[in-house]
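Q: Please find one structure pasted underneath; my questions will follow.
The values are calculated or read from the model by the stated rules, or taken from the named source; none is laboratory data. Small disclaimer: the values here were computed from a predicted structure and weren't measured. Methodologically, a virtual Cβ is constructed for each residue, glycine included, from the backbone with ideal geometry; neighbour enumeration extends over all protein chains shown.
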Amino acid sequence: ARRVVYGGGIGGVNSGGKVPLGLKRKGLRIVVTGGAGFVGSHLVDRLIRRGDSVIVVDNFFTGRKENVMHHFANPRFELIRHDVVEPLLLEVDQIYHLACPASPVHYKFNPVKTIISFQLFYKTNVVGTLNMLGLAKRVGARFLLTSTSEVYGDPLQHPQVETYWGNVNPIGVRSCYDEGKRTAETLTMDYHRGANVEVRIARIFNTYGPRMCIDDGRVVSNFVAQALRKEPLTVYGDGKQTRSFQYVSDLVEGLIRLMEGEHVGPFNLGNPGEFTMLELAQVVKETIDPNAKIEFKPNTEDDPHKRKPDISKAKEQLGWEPTVPLRKGLPLMVSDFRQRIFGDHKDVPV
Ligand code: NAD
Ligand code: UDP
Ligand code: UDP
């Protein structure tokens, strides 16, 4: 049976009482907000594969039905088109709260739409997170927030440890994202302390892989799409700023371990392998097209100079560390991008 639910408002409700975590092999009922997005859809694949029932709640702002379409015939899968800014009634055991307009083009390059940015980022992160915490409180579900390394801002400590409070400009162009996520973390801890909600917080560092939005402006997707289309790779600033890139399957493993484990966090989930943007461009060239050109462009305001996770805490308390280095993960993403950009390879430039 095809179990797809369309239309906004209150979504579908599963029946039955809460399944104790100890009996999870009977199958949990799990809601994944933002489950039609890049990370969410890979998480859904894993949860469905291990036998759980999954409800995806997504407004398709940056997500796509295509990312989860392969589950439509599965009776353990449901898709609800819903904006988490509106209240939602469901009966579930676990909530993975990923919903967030996570694409940088929307906050960095669209000053005209400042108010829209506020609506999108702040409302989703604050009101949306509040609603999902209210849901967790009402049904006694465990709640996991996907926060971000952006809570560290332009960090003055390197690498970043979870105890570092960050260096965030509260009035800058990217504050709606950074401060939105910081508030989401605050709300999560308040519901934990004040209402005994079982919570988990992940601080995700730059992640890449198949199903990433092709034109959302993030650096890995930009470089890969540009190299495939025979366009110059756009390096912002001098290209000496660093990021640490994690393959999506490593992240999904970390998120599941965090949800199932006994520790609240926050936990950094990222790959400590650190690259300058020029080094990243070089790896993309080696993987796709050694003749690709580089074009320098002005950088955006408040761009963090360095970013690299200290993952000692996740290693120790979750027994987790990434296993896929950039040079192994990138080719897996490239075949997906090639397929999506060129379809049956008809228009591949020579
Ligand atoms: P994505 O844009 O692919 O996925 C986000 C999903 O949320 C999309 O499907 C989108 O349609 C949905 N969404 C947005 N606003 C919504 C709303 N109001 N109601 C319902 N659904 C809504 O991004 P992603 O990379 O998969 O990110 C997933 C989560 O991980 C986000 O919370 C993001 O902040 C976090 N994160 C990602 C990275 C990364 O590098 N990918 C890094 C740090 C944090
Ligand atoms: N909420 C929801 N689904 C639920 C329970 C609550 O969407 O199953 C929303 C509710 O509409 C509210 C928010 O979560 O806006 C916070 O709920 P809580 O009960 O914590 O606070 P209150 O409703 O008392 O303000
Ligand atoms: N960047 C770049 N070229 C691009 C897109 C981004 O050089 O086409 C740079 C950007 O200035 C930043 C880094 O790559 O220094 C990572 O940017 P992204 O938006 O992917 O992630 P975030 O800044 O959120 O870490």
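Q: Quick one: residue 312 ticks every box in (1) crowded, with 19+ Cβ neighbours inside 10 Å; (2) among the small types (Gly, Ala, Ser); (3) closer than 30 Å to residue 198 by Cβ except a single one, so which number is it?
A: (1)
Q: Return a yes/no flag: does the range 273-293 have any residue that is over 26 Å from residue 101 (Cα atoms), surrounded by fewer than 17 Cβ atoms within 10 Å (Cβ to Cβ) and touching a residue at least 60 places away in the same chain (Cβ under 8 Å).
A: yes
Q: Can I ask one more? Out of 41, 53, report the one residue that is in contact with a strand residue (DSSP E or B) (Cβ under 9 Å, 6 or more places away or on another chain), modelled with pLDDT of 95 or more, surrounded by fewer than 24 Cβ atoms within 10 Å (Cβ to Cβ) and small (Gly, Ala, Ser).
A: Going through 41, 53 in turn, just one is in contact with a strand residue (DSSP E or B) (Cβ under 9 Å, 6 or more places away or on another chain), modelled with pLDDT of 95 or more, surrounded by fewer than 24 Cβ atoms within 10 Å (Cβ to Cβ) and small (Gly, Ala, Ser): 53.
Okay, residues lined up against (1) of a type in the set (S, T, N, Q); (2) crowded, with 16+ Cβ neighbours inside 10 Å; (3) within 13 Å of ligand 3 (Cβ to nearest atom):
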| site | (1), (2), (3) |
| --- | --- |
| 238 | no, no, yes |
| 243 | no, yes, yes |
| 257 | no, yes, no |
| 304 | no, yes, yes |
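Q: Hey, which of the helices (runs of 4 or more DSSP H) in the range 74-141, taking only ones fully inside, have at least 3 residues that are modelled with pLDDT under 95 and within 16 Å of ligand 3 (Cβ to nearest atom)?
A: 105-108
Q: Does the range 169-177 include one or more residues that are surrounded by 17 or more Cβ atoms within 10 Å (Cβ to Cβ), away from ligand 1 (no atom under 16 Å from the Cβ) and in contact (Cβ under 8 Å) with a residue 60 or more places away in the chain?
A: yes
Q: Considering (1) assigned to a helix (DSSP H, G or I); (2) within 14 Å of ligand 1 (Cβ to nearest atom), say which one residue 278 fails and leave the rest.
A: With respect to (1) assigned to a helix (DSSP H, G or I); (2) within 14 Å of ligand 1 (Cβ to nearest atom), residue 278 is out only on (2).
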